[in-house]
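Worksheet for the structure shown next.
What follows draws every value from the coordinates through simple rules; no lab data is involved. The structure displayed is predicted, hence computed values, not measured ones. Positions of Cβ are generated from backbone atoms using ideal geometry, with glycine treated the same way; all protein chains shown enter the neighbour counts.
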Amino acid sequence: MLKTGFIGAGTTGTALAVGLSQKKWPVVAVFSRTLSSAQKLARLAPDCQICDTAQELVDIADLVFITTPDDVIAQVCHEVQWRGNQSVVHCSGAHSVDILEPAREHGATVGSFHPLQTFASVDQATQNLPGSTFALEAEEPLLSTLKQLAILLRGTWVKLKPGDKVLYHAAAVFACNYLVTLVKLALDLWQDFGVSPKEATRALLPLLQGTVNNISDIGLPGCLTGPVARGDLDTVERHLDALQAKDPSLLTIYKVLGLQAIPIALAKGKVNEQKAEEMKALLGHPEFFARCHSEGADRPNNLTQGTLRQAPKGRRDSSPRQIGAQNDRRGVRTTEKEIRNESYAEK
Ligand SMILES: NC(=O)c1ccc[n+]([C@@H]2O[C@H](COP(=O)([O-])OP(=O)(O)OC[C@H]3O[C@@H](n4cnc5c(N)ncnc54)[C@H](OP(=O)(O)O)[C@@H]3O)[C@@H](O)[C@H]2O)c1
């Protein structure tokens, strides 16, 4: 077993060090920018020595994890003298092993070991680690060691090819960070009902947990529910009108995600091709978003304007659904319903 050290005693470094130490993997050394962080890790991982410098740690350990923030990894790697018979690993999801080039130049073997997990605190990270997938980048024999570590931590692993990392990390951002962002948008809408963010969070959490359970138990596409999955055009239209009145930037997000939900609904089989086309017409065609982007649109409403350019000239909105009225470049006001009718007429 390789004597292992950690440079960077933050959330990830500490959770990994503690997890490995509990499995009797020799975690022998830690160095961190702040002594108190290193002390905290050392308290949780018996037999772990606190080093005064990164170089001292590198001189002791055979396998070195650089668990600093991403922006510091290359600098830390550059500042120490590596040996030919040692391995250096970072835990970044965004960077490939290339940022460890200074170590490779000294003959060290380099790799990356990214836990596909969200760590907000050491305690929570320690709890969440088991069951996680670790994305590995390394050549043998380091690759086999990293697989062994993933299994020791009660996780599984996936090997990434050079060049895979960026899209891999973008996928993680969708599934984790942007899920949080969507919840924040939902909470903001709840502020209209006079409910505190804390109460709103409590109300939405069972929905979120139920959704995750359904993804796990039923899987895609069967776990998709809601108006797009059912083909409820009127409900979607009412959402569009209300969001337009509330905040047009939310309307844009709703439409983009709604369009992405249509193929899932089709695959689930609860809507047919015709209903899917109607839903697409209501939510707007993807080409329309691309066109608005290429036109250099900087205001959320420009997306709406792109659609409205297709509306008959001189149309005035006299329908009772004034709440969803939008302005096109000529100042003509048109509702989502009219846009939808216009899209039908084009076919
Ligand atoms: N958090 C997550 O959800 C997560 C998930 C997967 C992967 N990762 C990856 O794990 C790595 C660490 O992220 P993290 O979230 O654990 O960060 P973090 O909690 O901020 O911890 C980073 C630690 O590095 C230490 N540090 C900073 N600069 C240093 C330097 N020049 N020399 C030595 N130590 C230094 C910090 O110092 P002090 O405390 O000593 O001041 C801090 O404790 C990153 O590559 C990240 O991409 C994070």
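If the viscosity is 1.002 mPa s and the temperature 20 °C, what translational diffusion coefficient in µm²/s does Stokes-Einstein give for region 214-287 when Rh comes from Kirkwood over Cα pairs?
Values: Rh = 12.5 Å.
After rounding, the answer is 171 µm²/s.
Among 9-19, 253-263, how do they line up by average Cβ neighbours within 10 Å per residue, starting with the highest? Could the numbers behind the result be given before it?
On the way: 9-19: 24.5, 253-263: 16.6.
Ranking, from highest mean packing down: 9-19, 253-263.
Quickly rank 220-226, 278-284, 190-196 as a protection proxy: mean count of other C-beta atoms within 10 Å, highest first.
Numbers: 220-226: 15.4, 278-284: 21.7, 190-196: 11.0.
In decreasing order of mean packing, 220-226, 278-284, 190-196 become 278-284, 220-226, 190-196.
Strictly over 28 Å apart at the Cα level, which of LYS198/LYS275; LYS161/LYS270; LYS255/LYS275 would you flag in this model? Could you put the intermediate results ahead of the total?
Details: LYS198/LYS275 38 Å; LYS161/LYS270 38 Å; LYS255/LYS275 16 Å.
Violating the 28 Å limit, Cα to Cα: LYS198/LYS275; LYS161/LYS270.
Can you order the peptides 69-76, 172-179, 83-90 by their average number of other Cβ atoms within 10 Å per residue, highest first?
On the way: 69-76: 15.1, 172-179: 13.0, 83-90: 19.5.
Averaged packing, sorted descending, gives the order 83-90, 69-76, 172-179.
At a 10 Å Cβ-Cβ cut-off, how would you order VAL183, VAL30, fewest neighbours first? Kindly include the intermediate steps, with their values, before the conclusion.
Details: VAL183 16, VAL30 29.
If I rank by nearby Cβ atoms, fewest first, I get VAL183, VAL30.
Run the quick spin-label model on LEU179 and LEU205: label points 7 Å from Cα toward the beta carbon, then report their separation in nm to one decimal.
So the two model labels end up 1.6 nm from each other.
Going Cα to Cα from LYS159, which lysines come in below 18 Å? Please leave out same-chain ones fewer than 8 positions away.
Of all the lysines, those that pass the test against LYS159 - Cα under 18 Å, at least 8 places apart if same chain - are LYS147.
So, R0 is 51 Å and r is the distance between the beta-carbons of GLN49 and GLN274; what FRET efficiency does that work out to, to 0.05? Working shown, then result.
Working: r = 69 Å, r/R0 = 1.36.
The formula returns an efficiency of 0.15 here.
Just to compare against my own numbers: the Cα pair-distance distribution for region 1-54, 10 Å bins, whole % per bin, please.
Each 10 Å bin holds this share of Cα pairs: 32, 60, 9.
Quick one: pull the percentage of alpha-carbon pairs in region 24-118 with a separation above 24 Å. Provide the component values of the computation, followed by the final result.
Working: 767 of 4465 pairs.
The proportion of pairs with Cα distances above 24 Å equals 17 percent.
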